[in-house]
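These notes concern the structure reproduced below.
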Amino acid sequence: MTRIFGDLERKYLDQVLTSGHLSYYHEADSMTRRFEEAFAEKVGVKYAVVRNTAMTALGTAVTISGAGPGFEVICDPIVHFSAMATVYFNAVPRFADIKYGTYLMDPDSVRANITDRTKALIVTNLWGLCAELDEIRRICDEHGIFMIEDCAHSMGSYWKGKHSGSYGDVGCFSFQQSKQLTTGDGGMLTMSRSDLHDGLYGGWAFGGEVPTRYMALNYRMNEMTAAVGLAQLQRVDNYLDEYTENLRIMNEAVADCAWLRNREVPADAVQTGYIWACLWEGDQHGLEYERFKKVVAEVGAPLRFGFTMKPTYAHDFFAEGTKIYGHPDCPIRCPFYESDYTYQEGLCPVAEDLIWRIVSGGLIEVPTDEVKRRADLVRKAIEIAEKG
């Protein structure tokens, strides 16, 4: 579905321009306030706070967690954004492994990685599917860990009947152009704790907290962006219906293939379309990975092989340490961090085995007829590969 930016967006934008107030403000009639309240209701939380990007939302979440020098934040190893947000504040990303079937954080690995330095956890609800959020919430509560959900891919996704972004102390959503709901660029923090909401707002409003309790920079969203967001929120369910149908079509294309394994969706989860993915297991069936890649290219199926090809901690930026701050001792060898924890091969064995196996394709703003065409090309590539 091509996104609609029409009369409703123009109506809200005209209201902003007529008001003459383009910057964020927190009155009842402001677009940012209206967008926040509508989004909070959609997710099922008490509060939402607009941000200019999801990355700054993640950074804000880390700083309000209290993580900093000498503390650890548990992250998952497939996407690097949680680790980036962690090192912004000189805390140490500590990586929990994932489950092979879902590609999502494994609660057992979370438990194994908790130390007396664990301050926060960032769980990624990857590609439209929620992690086991109730169990991760339980673990965090048991150990006094601040729980952050990365919900950049999970608009409309649920775990045990609750929307992503409603389990954590804070949820972080993205409205970048390729996301399920877009404002061009933008993000949102969700929460139900009044102390977090009031502290964040007081940090830039000078309404009662000077100085603020959090070292958070001012990454507000402006009124015009919020106007587009408020309108798009009213359209997003229709988008999600089509993206999720696109996901079903692609899953069906490989359902009968013994060596391309569809992603596991637990009974407690409601997945929405974002990126379709399956796992290559051809090496267990006598097939060659490079040959299948070549066949896919020859038939013209727009698929991506591998996802960064190695876990976050194996990339030089994190593994070498010196590339983060230009100093060899920060953050993982920070003088405030007394630990023998290191980034090395075997740290997250499931992730290391899985990442290179991922075969994926986009679903956002791809017409269903085009998805059907791509699915046919994937079937053709499977047939050719099996013939040898």
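Some values worked out for this structure:
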item	result
Hey, Tyr88 modelled with pLDDT under 95, over 22 Å from Asp141 (Cβ atoms) and not β-branched (Val, Ile, Thr) or not	yes
Criterion (at pLDDT 95 or above, assigned by TED's automatic domain parsing to the domain that holds Trp259, out of contact with any Ser or Thr (no Cβ under 6 Å at 6 or more places or on another chain) and closer than 30 Å to Arg3 by Cβ) met by exactly one of Glu365, Glu370, Glu383	Glu370
Number of positions in segment 132-150 that are under 18 Å from Lys160 (Cβ atoms) and under 11 Å from the mean Cα position of the chain (by Cα)	1
Helices (runs of 4 or more DSSP H) contained entirely in segment 19-131, each with at least 1 residues that are basic (Lys, Arg)	31-43, 107-112
Qualifying positions in segment 129-152 - farther than 17 Å from Asp106 by Cβ and surrounded by fewer than 24 Cβ atoms within 10 Å (Cβ to Cβ)	Asp141, Gly144, Phe146
Residue, nearest to Arg138 (Cα to Cα), within segment 97-126, restricted to residues that are more than 16 Å from the chain's Cα centre (by Cα) and aliphatic (A, V, I, L, M)	Val110
Residue match in segment 108-128 (condition: touching a residue at least 40 places away in the same chain (Cβ under 8 Å), among the small types (Gly, Ala, Ser), buried (at least 23 other Cβ atoms within 10 Å of the Cβ) and closer than 20 Å to Trp276 by Cα)	yes
Residue list for segment 344-388, filter: part of a loop (DSSP other than H, G, I, E, B) and touching a residue at least 60 places away in the same chain (Cβ under 8 Å)	Leu347, Cys348, Leu363, Ile364, Glu365, Val366, Pro367
Candidate set from segment 1-18 (those that are loosely packed, with under 11 Cβ neighbours inside 10 Å and assigned to a helix (DSSP H, G or I)); member that is farthest from the chain's Cα centre (by Cα)	Thr18
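The values are calculated or read from the model by the stated rules, or taken from the named source; none is laboratory data. The structure presented is a predicted model; accordingly, all values stated were derived computationally and were not measured. All Cβ positions, glycine included, derive from the backbone under ideal geometry; neighbour counts span all protein chains shown.
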